[in-house]
Every structure is written in structure tokens, then in C-alpha cells.
Amino acid sequence: QVQLVESGGGLVQAGDSLRLSCAASGRTFSGGAMGWFRQAPGKVREFVAAISRNGDSTSYADSAKGRFTISRDNAKITVHLQMNSLKPEDTAVYYCAAGLRGGASNWIGHYNYWGQGTQVTVSS
């Protein structure tokens, strides 16, 4: 079984930055693609960013481009999401996801494992 544990969420003001982290553990997980999704109240879970197995390919939602940066540390099987210039519409629960395949996909079905989520609240 693979466990994903997120950290770094919180309450910030518009224009501030946050860095989310997600650590993966589990004997069977060798490190496939990893990504971040988010879900705001009353809305469906949506893609934010993803990074390939080797970290050589990334993918971003249009809302994240230019503001968010995803990175990973394969030695620790950890993925980070640096979020800058945060907006109130970024308010959501952010979920870390990990897949068995390597590509940086924006498709929710690509991911096999999910974290419990971390709340990000951006006040105006």
C-alpha cells in the first residue's frame, strides 16, 4: 500500500505564496508520475499540476501556469508545489496524487493513490 501525506497548507492573503509538499511511502511504490489536484466546495476535483517519473516533463492547468511550479525529489519520493501570487479563487483542498505510470498526465484516472488533502485558503 502507498501512503501520501501532504503538508504546507494554510490561510494566506491574496498575493502571498505557499509551498505544498507531499511525501510518498510504501514498499511497492517505485515512483511514477505525481501530481496535484484541488477541490473547492461544491465543485469537482480539478487538475492543477503534474510531473513525470524522472522530473523531465511537467504539465499545468491554465489557472496555474506562470504562478505555480511543481518539482520532485526522487531520492525521497517527494513532490512539491510552489504557489505564488495566490488568488481567492485558489481556495480549495489540495490533493497529492501518485500514479504507477510515468507521464505527467492531467487525467484524474492516471493516478492510483491519493493523499487526504490539505486546505489552502486565500483571503482577499
Cβ contacts < 6 Å: first residue acidic (D, E), restricted to the range 1-18; second residue surrounded by 13 or more Cβ atoms within 10 Å (Cβ to Cβ), any location; separation 6+ or different chain. Result? E6/C22; E6/C96; E6/G115; E6/T118; D16/L86
Look at G32 and say whether it is in a loop (DSSP other than H, G, I, E, B) and crowded, with 16+ Cβ neighbours inside 10 Å. yes
What's the total number of residues in the range 8-25 that are closer than 10 Å to H80 by Cα and either open to solvent by less than 60 Å² (accessible area, probe 1.4 Å) or part of a loop (DSSP other than H, G, I, E, B) (or both)? 5
Does F37 qualify as being surrounded by 13 or more Cβ atoms within 10 Å (Cβ to Cβ), closer than 11 Å to C96 by Cβ and in contact with a helix residue (DSSP H, G or I) (Cβ under 8 Å, 6 or more places away or on another chain)? yes
Which condition from (1) at pLDDT 95 or above; (2) in contact with a strand residue (DSSP E or B) (Cβ under 9 Å, 6 or more places away or on another chain) is the one that D62 breaks? (2)
Any residue that is within 19 Å of E6 (Cβ to Cβ), under 14 Å from the mean Cα position of the chain (by Cα), modelled with pLDDT under 95 and aliphatic (A, V, I, L, M) - is there at least one of those in the range 86-99? yes
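The values are calculated or read from the model by the stated rules, or taken from the named source; none is laboratory data. Everything quoted here is computed from the prediction, not taken from an experiment. Reconstructed Cβ throughout: ideal geometry from the backbone, glycine too, with neighbour counts over all protein chains shown. The area values use the complete protein model at the heavy-atom level, side chains included, leaving out ligands, DNA and RNA. Shrake-Rupley method; radii C 1.70, N 1.55, O 1.52, S 1.80 Å.
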